[in-house]
Amino acid sequence: MVVLSDSVQAVPALPAARWTRLRIGDRAGAWRDYVTLTKPRIMSLLVLTAVCAMVAAARGAPAVTALTALVIGGGLACGGASALNHVIDRDIDKLMGPRTASRPVAAGRISPRRAVAFAVVLLALSFGVMVAFDNLLAAALALCGGAYYVLVYTLSLKRTTPQNIVIGGAAGAIPTLSGWAAASGHLGLGAVFLFSIVFLWTPPHFWALALLLERQYAAAGVPMMPVVRGARATARQVLAYSIVLVALTLAPWVLGTFGLIYLGAALALGGAFVVLAWRLWRDQTPARASVLFHFSLLYLALLFVAVALDAALR
């Protein structure tokens, strides 16, 4: 036994190798927490939409340096905004069950001050990388997407209105504009279509998740659609938005912006989306909400991959 002082309980001595493993484990845990702040799964989908928009704007393979800068800069912008979201929502995260209560800021493993500093560094790096290797418009749009997510959705809408995700959905759609601008230096009709697709996709995607987390949102006092209007009304809104979304996805082909590869994907994926939304409207079970939620992620990813393939092969 090693006695530290008369007032401190004695602790057993540990071998040096074990202390080293503990220190390494602590550092690894800290790094994992900082990665968690960036919400990697959300980031990956947003970066994918931006990259596919860039390929569409370039009508093929964009410059490798510009594409790499978009991936890095776009990811940093998403990560910085997500870190600020962790800070702002740390109070409700504690009320929404073990999953969110264990998040780094809510659980106290990272202080709000350090999380904010981390976010600022990521956002500054994002802007610097994209200005240097893409262009000012792309960099500004990437920051605007983050600012909209933090200031409009998280601070202004999330806790005040059941339409929070409808209006706030623009935050996740802005990366498509940034990707398009990174290739062309300006925005065009294709960019507007891609922005609109993500904007209309967001409510049915997120409301399917909200149906699964209705009790958690209610416990935290967040007025998500299922909490305020109920499951039946939410499922009806999901179906309505899904139909409008699929109709919109056909417009780029009608106007000649995208071609047949895109059209085939839009029809196949959109048909499945509407069928799943209709089934949820008929019966609001957790299983059907879960299937729609997970399919919606696949839907957006595959649709945007089809956008890129269509542009590259036309």
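Annotations
- Calculated [θ] (222 nm, deg cm²/dmol) that DSSP helices of n ≥ 4 give over the chain, each run adding -39,500 (n - 2.57): -25000 deg cm²/dmol
- A simple spin-label model places pseudo-atoms 7 Å from Cα toward Cβ; at L298 and A140 they are separated by 4.0 nm.
- Diffusion coefficient of segment 167-236 by Stokes-Einstein, Kirkwood radius over Cα pairs, 4 °C, 1.567 mPa s: 96 µm²/s.
- Taking R215, R103, R232, R59 and ordering them by how much accessible surface each has at a 1.4 Å probe, largest first, produces R215, R59, R232, R103.
- Nearest-10 value in Å² for the accessible area of C144, using the 1.4 Å probe: 70 Å²
- Along each principal axis, Cα extent of segment 141-260, largest first, Å: 46, 31, 17
- Each 5 Å bin, from zero up to the one with the longest distance, holds this percent of the alpha carbon pairs of segment 56-98: 5, 18, 15, 15, 11, 10, 8, 7, 8, 2.
- Rounded Å value of the spacing that divides the Cα centres of segment 95-135 and segment 236-286: 34 Å
- Ranked from largest to smallest solvent-accessible area, with a 1.4 Å probe on the protein heavy atoms, K94, K39 come out as K94, K39.
- Note on R99 and L151: the model spin-label points, each 7 Å out from Cα along the C-beta direction, lie 3.1 nm apart.
- A simple spin-label model places the labels of V228 and R282 3.0 nm from each other, with each point 7 Å out along Cα-to-Cβ.
- Cβ-defined net charge surrounding A56, 14 Å radius [Lys, Arg +1; Asp, Glu -1]: +1
- Across segment 211-219, coupling constants 3J(HN,Hα) worked out from phi with the 6.51/-1.76/1.60 Karplus curve, θ = phi - 60°, read 5, 6, 10, 4, 5, 5, 5, 5, 5 Hz, and Gly and Pro carry x.
- Extreme residue, positive dipole direction of the chain, given options T257, L213, Y241 (C-beta unit charges): L213
- Residue-level accessible surface for I88, protein heavy atoms, 1.4 Å, Å²: 40 Å²
- Distances between every pair of Cα atoms in the chain, grouped in 20 Å steps from 0 to the bin holding the largest one, split as 30, 52, 14, 3, 0 percent.
- Gain on full stretching of the segment that runs from V121 to L313 - 0.36 nm per residue minus C-alpha separation: 65.3 nm
- For segment 202-314, fraction of C-alpha pairs farther apart than 23 Å, in %: 34 percent
The values are calculated or read from the model by the stated rules, or taken from the named source; none is laboratory data. Owing to the predicted nature of the structure, the values given are computational and were not obtained by experimental measurement. All Cβ positions, even for glycine, are placed from backbone atoms using ideal geometry, and neighbour counts span all protein chains on display. These accessible areas exclude ligands, DNA and RNA; they are computed on the full protein's heavy atoms, side chains included. Shrake-Rupley method; radii C 1.70, N 1.55, O 1.52, S 1.80 Å.
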